[in-house]
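Take a look at the structure below.
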Amino acid sequence: MFGEGALLEDGGRRSASIHCVTPVHAIRVSKEYFDKYVASSDPELNLTLRERDRHRKRDRAKNLLRLQSNLKDISLNNGEALFSCGDEGDTLYILEEGKLDVKAKSGDTMFSIYPGDICGEHSLIMGKPRNATAVCASDTCVVHEMSAKDFFSLYNSSSTVKKSLREVCMRRDFVKALVLKTGKQFDVTHLREAFDSADLDRTGKLNLEELEKLLYVLDPSIDAKLTKEILETLDLDSSGTVKWEEFRQIFSTGIGG
């Protein structure tokens, strides 16, 4: 299935073009029928479709970054740091080979980055020093380095690309805050424990106030506007809160970015 992203919102617009490279047989589904189907299905389907659409857009944004010219190759050996917490950050990195561990200031691993993914986006998007350390966790690592100028040229070229890359950044900051809160590496096998650590009133959903308290652990200077934007990256059904079902949908296969 493809093209459902534009049907999920009233007045939705296509964010990409589809061209046939071989003969295909496709079935066209109208928005009216699509809406009826989703409304009559399990509520989880709506969340699944919304997160799938966001995931595709994030992947497209990352692929566009990988296709850019003027990338500088950097090789690292096991244990070498790509950047350290507190460093000024004016470059983005795209992992080509190996594995990178993203570590807190304490040295504890928060999550890992795998080939095809990006890291270092926080400093560029937020305009702040690095809030984590990235270390090569395989025998060797090969990364592509992108300058701030080249990054922002692409970042500002499309509202969809910009929104997707901000979503990557903000969801990762949310995960970093959870790790600092729990003192444990983010693990998809312990999602409920991670969620409950932020769900202070035990309602099964995170509100803006709870999110603000969680993010304070990562960045005491975070403001209300940014907190609200981070909530929106997690609030798949636009209810104003992050329900456990949304949290599970987003993070069941990784760090959600």
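Quick notes on this structure:
- Flag for R56 being part of a helix (DSSP H, G or I), open to solvent by 50 Å² or more (accessible area, probe 1.4 Å) and touching a helix residue (DSSP H, G or I) at 6+ places or on another chain (Cβ under 8 Å): yes
- Among the candidates L211, L231, residue that is without any contact (Cβ under 8 Å) to a residue 40 or more places away in the chain, in contact with a strand residue (DSSP E or B) (Cβ under 7 Å, 6 or more places away or on another chain), open to solvent by less than 80 Å² (accessible area, probe 1.4 Å) and not aromatic (F, W, Y): L231
- Taking residues in segment 186-198 that are farther than 15 Å from E212 by Cα, and partners anywhere that are open to solvent by 40 Å² or more (accessible area, probe 1.4 Å) and basic (K, R), the pairs with Cβ atoms closer than 7 Å and at least 6 places apart or on different chains are L191/R248.
- Looking only at segment 59-77, and only at residues there that are open to solvent by 20 Å² or more (accessible area, probe 1.4 Å) and closer than 25 Å to L236 by Cα, the one that is nearest to the chain's Cα centre (by Cα): D59
- Index of the failed condition, L49 passing every other in (1) open to solvent by 50 Å² or more (accessible area, probe 1.4 Å); (2) touching a residue at least 24 places away in the same chain (Cβ under 8 Å); (3) not acidic (D, E): (1)
- Any pair with Cβ under 8 angstrom, 6 or more apart, that starts in segment 1-18 at a residue that is free of Cβ contacts under 8 Å to residues at least 40 places away in the same chain and ends at one that is among the polar types (S, T, N, Q): A6/S15
- Filter result for D199 (exposed (fewer than 14 other Cβ atoms within 10 Å of the Cβ) and either of a type in the set (D, E, K, R) or in contact with a Ser or Thr (Cβ under 6 Å, 6 or more places away or on another chain) (or both)): no
- Considered as a group, the residues in segment 106-129 that are among the charged types (D, E, K, R) and within 17 Å of the chain's Cα centre (by Cα) include one that is most open to solvent (accessible area, probe 1.4 Å), and that residue is D117.
- Where strands (runs of 3 or more DSSP E) fall wholly inside segment 103-152, the ranges with 3 or more residues that are under 19 Å from D73 (Cβ atoms) are 133-136, 140-147.
- Test: residue in segment 137-146 that is out of contact with any Lys or Arg (no Cβ under 6 Å at 6 or more places or on another chain) and small (G, A, S): no
- Single match in A132, A81 (criterion: of a type in the set (G, A, S) and open to solvent by 20 Å² or more (accessible area, probe 1.4 Å)): A81
The values are calculated or read from the model by the stated rules, or taken from the named source; none is laboratory data. Predicted model, so just to flag it, every value in this text is computed and none were measured. Here the Cβ is made from the backbone with ideal geometry for all residues, glycine too, and neighbour counts use every protein chain on show. Just so you know, the surface numbers come from the protein's heavy atoms only, side chains and all, with ligands and any DNA or RNA stripped out. Shrake-Rupley method; radii C 1.70, N 1.55, O 1.52, S 1.80 Å.
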